Structures are given as structure tokens and as C-alpha cells.
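A short reminder: the numbers here are calculations on the coordinates, not readings from a lab. All figures in this text were calculated on a predicted structure; none of them were measured in a lab. Note: ideal-geometry Cβ built from the backbone for every residue, glycine included; neighbour counts use all protein chains shown.
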Amino acid sequence: MIDSTNDRKIEHIRAFDRDPAIERDARYFDRIHLLHRALPEIDLSEIDSSVQWFGKTLSFPLLISSMTGGNHDLVRKINTNLALAAEHCQVAMAVGSQRVMFVDEQARSSFELRQYAPSTVLIANIGAVQLNYAFTQKECQAAIDVLQADALYLHLNPLQEAVQPEGDTNFKGLAAKIADLCPKLSVPVMLKEVGAGLSPADVQLGLQAGISYFDVAGSGGTSWSRIEHQRRVSPGDNLGLTFQDWGVPTPLALKLLDAYQSQATFVASGGVRDGIDMVKSVILGASFCGVAAPLLQPAMESAEAVIEVIERLRREFVTAMFLLGMPDVASLFRNESLILEER
């Protein structure tokens, strides 16, 4: 077993090459059918897909979801290309867990991304469970500062930690520590799952802690449980496979959290794979949509390859808006009259 946080980042990336089934491709969004308009009464060229977030205007509600970071040339290349593409396309970007920069000082450079994305939204990222393993306001603020971030993700990953050979599994009392931390930081805090979904009880605890931004990150896309299965110590240990599809599917998570819309802003991630999935997410109450896996391989190539994928997503998103007769994102948001049926 390799216990280095930095080495683990590379193992996670390489796991995708070894095991394509890490991408679960559950296609939960395909169960939702939208109401096509043959006479949409709008001009495609006039559709406004722009949105506001943290005081900044983005071209459409896309968030490049958290992927990686660390002291490795490949990791630096991935994050630089993602940041360059985010700035060019004016979409948001969240980095992978920044715990590694407190283990290896040279990993900090992989998070110094504001130079490549001077004007768009950047989100820092620390595992919430680290608050039970000696992390304090100091480390969380340092993560924000190195990125010059607009917000901080506290990610919640109990399944991944339970399967991970060296996992940190003491999640006891975290809500109180999060509540104590939030008012001490310079930017808003967001709670994010990593592929198993948030429940109403989770959001309620977050709201009580002073948090109003939540990334549901449901099941249906990348399985971190299966990624950790690739790193198992014993060949006969199949815990990661047993739980590879555990969790709340992203569309269902959004529906379960609808009652909290007046108190919170939601990001839909987990299995969002095209612009139609994004439109469905907004209809179900997501203000932004996170995509990660489809951008990983392009980010290993170039910023231009990432831009190509983002522009495809944007065109798909706008085309779906056109075919629904919706002139702007506000007209889509929670507009369930656009749902024809769900199966």
C-alpha cells in the first residue's frame, strides 16, 4: 500500500485507464423526458445562457468539477489546462482536494491557478473530515489563499474513506466543527459529496452550520468507491465493488432537496454528461452543473481540447433551451411544466 497523499493522486488518475467501468454511465437523467416545442417562438441566436455566481458573470451554468492536484507534472498540466479553458470559456472551476499541499510543499504550485484564470470563479477544496484530523481555520484559509478562490468546498466522502486503504473515517461531530469554521473564513463555504449524493438531513445540518451552497454530487457517474477498489491491499477485498453504485442518483437528490430551494443554492454533479443533462438539472432546481470525467482526458492533452468539450456542452445546452422555447436560464429554473414524463 502506498500511503503518500501525493502518490495517491496519480493512482486515482491511472485507475481510469485500467478500469473503464469506473465511469458507471447509469444515465439516470435519461428517465426524464422533456416537452419538445415545434414552434418555440424564439430566435436561437438570441438565447441568453449566462448566469451570475459569486458576483461574476459566467457564459452558462457549467462548473468544472474537482479532479486533482499535487506535486507531479501531469497533475500540474491537467489543472493548468482546466484553468486556461475555464477562463477562455468563462465557466467556473473547482480544484481537487488540497490536503496534498500540506503534505508536500511543492504541490502548492498545482493550485496556483489564478494566474491562468484571472476573472472566472475558482473554488478551493478540503475534505471536511480533516477537521477531525488536526486541520483548522489556518489550513482551510491557506487553501483559499493559494487559489485566490471565490469559495471553499468542504467535501464529504464517507464511502470513499471507508473503502480507501488508508481512509480517515471519523466523521463524528463534524457538523459542529463546520459551523464553528464557516464564519472565520474569507469566502463562502460549500458542502459537496463526491458521488453518493446529499440527503435532506445532510442539507439541514449544513444550513444549521450557516452554509447555503450545496453540491449534491449524486451517484450515476464516476464511482470513487470503484476507484479505491483499484487500490485495495488484499486481492480478495471487494468492498469497493459492492458499494460502487451506492448512493442517491443526482436527479433524485435534486427532487428530495426541492423544499430547501428558498434557503440554498444547489449544484448538480454526478453523471452529468451532456447539455441536455444540464438543462434537466436546472429544471430540477440546480443553479449550476458540475462535470469532471469527460474533461479529464482532454486536460491531459491541452487547454484547446478542454475548450472543445466545453463548447460542445454549451451548444448542447443552448440547443435544448431553444427546443423548449426558453429564452434564458431563469425561465428554465424549476420549470417542471417542461417535463413531459418521468420513467
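At a glance:
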read-out	value
Answer residue from the range 217-246, given it is surrounded by fewer than 17 Cβ atoms within 10 Å (Cβ to Cβ) and touching a residue at least 24 places away in the same chain (Cβ under 8 Å) and is farthest from S269 (Cα to Cα) among those	V233
Residues that are more than 15 Å from S59 (Cα to Cα) and outside any helix (DSSP H, G or I), drawn from the range 292-336	A292, S302, G325, M326, F333, R334, N335
Residues (surrounded by 17 or more Cβ atoms within 10 Å (Cβ to Cβ) and assigned to a helix (DSSP H, G or I)) located in the range 11-32	H12, I13, A15, I22, Y28, F29
Residue among Q141, Q160, Q106 that is closer than 25 Å to L239 by Cβ and not in a loop (DSSP other than H, G, I, E, B)	Q160
Residue within the range 58-74 that is free of Cβ contacts under 8 Å to residues at least 60 places away in the same chain, polar (S, T, N, Q) and more than 26 Å from F333 (Cβ to Cβ) present	yes
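Residue by residue, here is whether (1) more than 17 Å from the chain's Cα centre (by Cα); (2) under 19 Å from V329 (Cβ atoms); (3) aromatic (F, W, Y) holds:
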position	(1), (2), (3)
A253	no, no, no
D258	yes, yes, no
F266	no, yes, yes
D274	no, yes, no
V282	no, yes, no
L295	no, no, no
E301	yes, no, no
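Residues are listed down the side, and each one gets a yes or a no for (1) in contact (Cβ under 8 Å) with a residue 12 or more places away in the chain; (2) under 16 Å from H36 (Cβ atoms):
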{"site": "L284", "(1), (2)": "yes, no"}
{"site": "F288", "(1), (2)": "yes, no"}
{"site": "P294", "(1), (2)": "yes, no"}
{"site": "M300", "(1), (2)": "yes, no"}
{"site": "I307", "(1), (2)": "yes, no"}
{"site": "E316", "(1), (2)": "yes, yes"}
{"site": "T319", "(1), (2)": "yes, yes"}
{"site": "A330", "(1), (2)": "no, no"}
{"site": "E342", "(1), (2)": "yes, yes"}
